[in-house]
1. How large is Rg over Rh for the chain, taking Rg from the Cα atoms and Rh as the Kirkwood inverse mean of 1/r across Cα pairs?
2. For Val135, put the label point 7 Å out on the Cα→Cβ axis and report which residues of region 93-125 keep their amide N under 19 Å from it.
3. To two decimal places, what compactness ratio does region 26-106 give when its Cα radius of gyration is scaled by 2.2 N^0.38 Å?
4. Hey, with R₀ at 35 Å, roughly what FRET efficiency would Arg155 and Phe26 work out to, going by the Cβ-Cβ distance, to 0.05?
5. May I ask you to order 107-120, 68-81, 23-36 by the average number of other C-beta atoms within 10 Å around their residues, highest value first?
6. Return the distance in nm (one decimal) between the two label points of a simple spin-label model at Glu52 and Thr9, each offset 7 Å from Cα along Cα→Cβ.
7. Taking the Cβ-Cβ separation of Lys118 and Ala42 as r and a Förster radius of 30 Å, what is the calculated FRET efficiency to the nearest 0.05?
8. Is region 72-152 best put as rounded, prolate or oblate by its Cα gyration tensor, with a ≥ b ≥ c the root eigenvalues, rounded for a/c under 1.5, and otherwise prolate when a/b is larger than b/c, oblate when not?
Amino acid sequence: MDRKVKGFTLTELLITIVILLILSGFAFLWLRNLVLNQRLKATTDGLMSAYETARLYAMTGRGQRTWGVFISGNTYTLFRDDNYNCQFDAGEGIRVFNAEPGVSLLPASGCNTITFDKKGYPRNSTCGLGMCSVVLQNSAGSKRTVYIDRFGRIRYETQ
């Protein structure tokens, strides 16, 4: 009797499993970087939106006050500067935002507080001209920098 056994050998099964593990490892790394970059993008968009909101509120005279954004650690706060001292004081916060997990906010020296006057010009914490930049970095090392120029224009660059 001629008996043929149908099926795969152990070697063929092991090679197939190794190939699948290698491909899944690459897919995991790609997906991880995608998620980290989306978190960086979301935090950048949120910070820029907070700056734009503060500028708009100051220019339209909402509450007859200057408005600003204060960065502390991985949070940023939209605030109304009730006493016109260009600094975030207790009781002035309107809304607190948290950076996405894995994203760090690194403001340039003296740029943790930016207020906008009624013409939309930025002011720093000493009420001087508030040209500023904030670097946002994720845990994979990708960076985006948010810039505010002397005219209050807000933009970002990917590094």
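Each value in this text was obtained by applying a stated rule to the coordinates, not by laboratory testing. What you see is a predicted model, and the numbers here were worked out from it, not measured in a lab. Positions of Cβ are generated from backbone atoms using ideal geometry, with glycine treated the same way; all protein chains shown enter the neighbour counts.
1. Values: Rg = 25.0 Å, Rh = 18.0 Å.
Checking Rg against Rh, the ratio lands at 1.39.
2. 99-100, 102-113
3. Cα Rg divided by the expected 2.2 N^0.38 Å: 1.34.
4. Numbers: r = 34 Å, r/R0 = 0.98.
Once the sixth-power term is evaluated, E becomes 0.55.
5. Numbers: 107-120: 18.3, 68-81: 20.5, 23-36: 11.4.
So the peptides 107-120, 68-81, 23-36, ranked by packing, come out 68-81, 107-120, 23-36.
6. Those two pseudo-labels are separated by 6.3 nm.
7. On the way: r = 30 Å, r/R0 = 1.02.
E between Lys118 and Ala42, to the nearest 0.05, is 0.50.
8. It comes out oblate by the Cα gyration axes.
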